[in-house]
Amino acid sequence: MGKKALFIVDVQKDFCPGGALPVPEGDKVVPVINKLMEHFEYVLASKDWHPPKTKHFEKWPPHCIQGTEGAEFCDGLNAEKITQVFLKGTGTEDDGYSAFEATNINLEEYLKQHGIDHLYVTGLATDYCVRATTLDALKKGFKVTVVSDAVRGVDVNPGDVQRAIEEMKQAGAEFKTSDEVIQELAQAEHV
Ligand code: VGL
């Protein structure tokens, strides 16, 4: 059987309250993710990592600029548990919503090399980067569990988050709470 990895999408200061593009309750995912980290050997994270000038900033306020404080992980996240970081949105033309667009390391190759076939997706934001990463993972044949209490969305248009959830489910993602995931992992260890 393949290995499982926790995947943390863009839990960065600019997406948390007080940041340049805050996701409502974005900081609420931090303790849930910290709790989940204890149960995974592979803890992978993406970072939005934009150049100071990019077409992406015609759609969004500037955020997560390479090397700035806003691009750091959110306060309180146990970043020392993260085993690999994937940087995306690094070009001047691309949005880089999906972690599979990472340019420092190819995520798909990394997962295959490490025998990982199941991602537990957490982070920000449900209707953008979580959605894009989940849909890409499913398209590439990985199993995806979205941890429902470890994601938050922006809902630029009301209903976006709900639509994104339906779309991910339709594409084959399963949704579980962090408690359900931890229980499931504990049971798997005892089989
Ligand atoms: C994101 C909007 C703009 C995200 C990134 O991380 O979900 N959302 N850029």
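The values are calculated or read from the model by the stated rules, or taken from the named source; none is laboratory data. Quick caveat, the model's predicted, so the values are computed rather than measured. FYI the Cβ positions are ideal-geometry reconstructions off the backbone, even for glycines, and counts take in every protein chain you see. With ligands, DNA and RNA removed, areas are computed over all heavy atoms of the protein, side chains included. Shrake-Rupley method; radii C 1.70, N 1.55, O 1.52, S 1.80 Å.
Points worth noting:
- Within the range 1-24, the residues that satisfy the criterion of being open to solvent by 10 Å² or more (accessible area, probe 1.4 Å), more than 14 Å from the ligand (Cβ to nearest atom) and modelled with pLDDT of 95 or more are K3, K4, P17, G18.
- In the set G141, G96, only one residue is closer than 22 Å to V23 by Cα and in a loop (DSSP other than H, G, I, E, B); that residue is G96.
- Within the range 113-159, considering residues that are on the phi > 0 side of the Ramachandran plot and open to solvent by 10 Å² or more (accessible area, probe 1.4 Å), the one nearest to the ligand (Cβ to nearest atom): D155
- The condition of being of a type in the set (G, A, S) and outside any loop (DSSP other than H, G, I, E, B) does not hold for G76.
- Filtering the range 101-112 to residues that are surrounded by fewer than 21 Cβ atoms within 10 Å (Cβ to Cβ) and closer than 16 Å to G141 by Cα leaves N106, E108, E109, Y110, K112.
- Filtered by the rule that a residue be of a type in the set (V, I, T) and more than 14 Å from the ligand (Cβ to nearest atom), the range 76-105 gives I82, T83, V85, T92, T103, I105.
- Condition check for E69: more than 19 Å from Q183 (Cα to Cα) and among the charged types (D, E, K, R): yes
- Some residue of the range 157-174 being farther than 17 Å from Y42 by Cα, at pLDDT below 95 and not aromatic (F, W, Y): no
- Residue that is farthest from E189 (Cα to Cα) [pool: residues in the range 31-55 that are within 16 Å of the ligand (Cβ to nearest atom) and open to solvent by less than 10 Å² (accessible area, probe 1.4 Å)]: H50
- Residue among G70, G96 that alone is under 27 Å from F175 (Cβ atoms) and at pLDDT 95 or above: G96
- The range 142-191: number of residues that are aromatic (F, W, Y) and within 13 Å of T122 (Cβ to Cβ): 1
- Against the list (1) in a loop (DSSP other than H, G, I, E, B); (2) within 16 Å of the chain's Cα centre (by Cα), the condition K35 fails is (1).
- Selection within the range 90-99 - open to solvent by 30 Å² or more (accessible area, probe 1.4 Å) and not charged (D, E, K, R): T90, T92, Y97
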